[in-house]
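Contents: one structure, followed by commentary.
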Amino acid sequence: MDEMEMLADQVKLLLAEGDPVKLNEYLDNLNISDVEGLIDELPEYADIFISTLSINRAVNVFRILDFPTQERIVKKLSGPKIAELINELPPDDRTSFFSELHGDAVKKLIILLPPADRKEALSLLGYPEESVGRLMTPDYITVKEEWSVAKVLEHIRKYGKNSETIDVIYVIDDKGVLLDDIRIREILLVKPDVLISDLMDNRLISLRANDPQEEAINVFRMNNRVALPVTDDQQIMLGIVTVDDILWVANEEYTEDMQRIGGTQALDEPYMDMSIINLVKKRAGWLVLLFFGQLFTASVMGHYEAQLAGALILAVFIPLIMSSGGNSGSQASTLIIQSMAMSDVTLNDWWNVMKREIISGLMLGLILGSLGFLRIYVQHAAFGDMGEHWFLIAIVVSLSLIGVVTWGSLIGSMLPFILRRFGADPATSSTPFVATLVDVTGLILYFSIASYILEGLLF
């Protein structure tokens with residue numbers, strides 16, 4: 001029995017006793033992550049856990065839950081508890097929760113907020129989906145460049161409790177324009193009479209509210225920051241984005257990409273929370289598309305039926321040709337999609353990528369082509385069942401492997417660029433799609449080479 005199962009059994013005993021005080025004491029001694037684990041283990045009691053916890057701990061648990069669990073909890077909570085929870089949620093987490101809800105549900109919850117918080121929530125929800133503005137919080141500390149360190153520390157003591165983080169302090173002018181950011185340690189390590197202007201280095205890194213969230217992920221990754229300021233087009237400071245929110249977004253992006261690469265639409269909720277009907281809907285579209293793609297494969301084989309009838313030996317190597325091309329294409333596609341996600345490759349790199357993949361494809365094709373030739377030679381030498389034209393058949397298979405692996409590498413690497421160029425997600429050029437496309441074209445290449453070399457000999 002693992003630790004979580006032991007915790008769950010203990011909680012069940014406390015629930016059976018029906019003593020909320022004991023349950024509260026027990027839950028208060030657990031880490032936030034343990035309470036989240038209990039909600040996963042005992043989802044039917046999730047609303048009881050949230051109701052039992054003190055509001056601060058309830059908020060900290062609620063904010064790390066996935067949206068379907070949050071929604072289920074809110075539907076079961078009492079009106080006063082919902083109001084308390086929504087009011088205490090940090091602005092960025094509240095925006096994230098509201099963003100997932102239907103319009104009517106948002107209207108019912110947003111009226112529970114005080115007028116100032118309601119205006120703030122509506123302002124954050126006004127930014128485009130998947131934009132940095134949806135992630136930011138307006139709770140941060142700003143100072144003026146003419147202030148002394150002593151005045152800044154006094155300001156932090158007074159207002160720091162309401163800030164999302166005080167690791168970084170932001171310097172603005174009288175109009176709210178962001179001038180610089182200063183890490184708290186730089187303020188703590190100097191004398192109280194030092195001016196903020198003396199600490200400024202003007203190496204400011206900021207995000208724009210309308211920037212894509214993917215861009216923010218890369219900026220955080222490259223600059224090792226716990227928080228970054230967000231500004232409008234006039235450089236007026238609007239809020240900050242913290243690294244914990246960026247980690248959630250990065251995880252979601254990674255999950256969606258993996259699902260698309262696997263040949264399905266991105267799931268809107270955890271796999272186990274999805275109904276069978278919705279799961280089928282997410283997967284059916286791609287499967288139907290790939291099914292029609294494979295029909296082209298059958299059509300190609302039907303077109304070359306005469307060649308197959310005259311040289312059945314060619315059919316033996318069809319799976320080899322198809323899998324080799326599909327595998328090389330899938331490899332190339334996955335590598336380029338990952339490189340794009342990490343900003344190692346941009347749209348402007350398409351020509352260099354093409355040259356590299358053609359060369360790589362030819363080298364990989366030569367390796368597999370040599371192995372294919374060796375396989376036919378060994379079988380003929382051992383069993384003598386490849387016929388008198390075994391050498392030409394080996395040449396056909398080898399050349400086909402070289403061609404199909406090169407073609408697969410080229411197609412797999414270029415499809416992400418084409419999709420990105422037209423504004424689509426490169427991950428949509430998923431492994432099954434690339435494999436199906438290369439299957440069809442690979443067969444045409446295989447039979448074309450066979451027809452040219454073996455014409456008049458086997459058919």
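Read-outs throughout are calculated quantities, based only on the coordinates presented, and are distinct from any laboratory measurement. Predicted, not measured: the structure shown is a model, and the values here were computed from it. All Cβ positions, glycine included, derive from the backbone under ideal geometry; neighbour counts span all protein chains shown.
Tabulated values for the structure
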{"read-out": "Hz values of 3J(HN,Hα) by residue in the stretch 336-351 - Karplus curve (6.51, -1.76, 1.60), Gly and Pro given as x", "value": "6, 4, 5, 5, 5, 5, 8, 6, 6, 10, 10, 4, 5, 8, 4, 5"}
{"read-out": "Gained length - N210 relative to E388, 0.36 nm times residue gap less alpha-carbon distance", "value": "57.2 nm"}
{"read-out": "Percent of Cα-Cα distances greater than 14 Å, calculated over the stretch 1-89", "value": "61"}
{"read-out": "Dipole of the chain, positive direction: furthest Cα of V21, P426, H102, with charges on the beta-carbon", "value": "P426"}
{"read-out": "Long-range amide H partners of Y140 with built H, under 5 Å", "value": "E164"}
{"read-out": "Gain upon complete extension [M6, D193; 0.36 nm per residue less C-alpha separation]", "value": "61.8 nm"}
{"read-out": "Kirkwood Rh, Cα atoms: Rg over Rh of the chain", "value": "1.13"}
{"read-out": "Dipole in debye (nearest 20) - the stretch 130-218, about Cα centre, beta carbon charges: Lys, Arg +1; Asp, Glu -1", "value": "380"}
{"read-out": "V378 versus D244: modelled label distance in nm, points set 7 Å from Cα along the beta carbon direction", "value": "5.8"}
{"read-out": "Selection from N348, I411, M363, by position along the positive dipole direction of the stretch 319-457 (Cβ)", "value": "N348"}
{"read-out": "Distance between the stretch 63-101 and the stretch 382-418 - C-alpha centres, whole angstrom", "value": "57"}
{"read-out": "Separation between Cα centres of the stretch 1-41 and the stretch 166-242, rounded to whole Å", "value": "41"}
{"read-out": "Protection-proxy order for peptides 42-52, 100-110, 237-247, 203-213, each taking the mean of Cβ atoms within 10 Å per residue, highest first", "value": "237-247, 42-52, 203-213, 100-110"}
{"read-out": "Compactness index (Cα Rg / 2.2 N^0.38 Å), the stretch 119-187", "value": "1.25"}
{"read-out": "Potential lengthening between D173 and A315 on full extension [0.36 nm per residue; Cα-Cα distance subtracted]", "value": "43.6 nm"}
{"read-out": "Antiparallel DSSP beta bridges within the chain, as percent of all bridges there, nearest 5", "value": "80"}
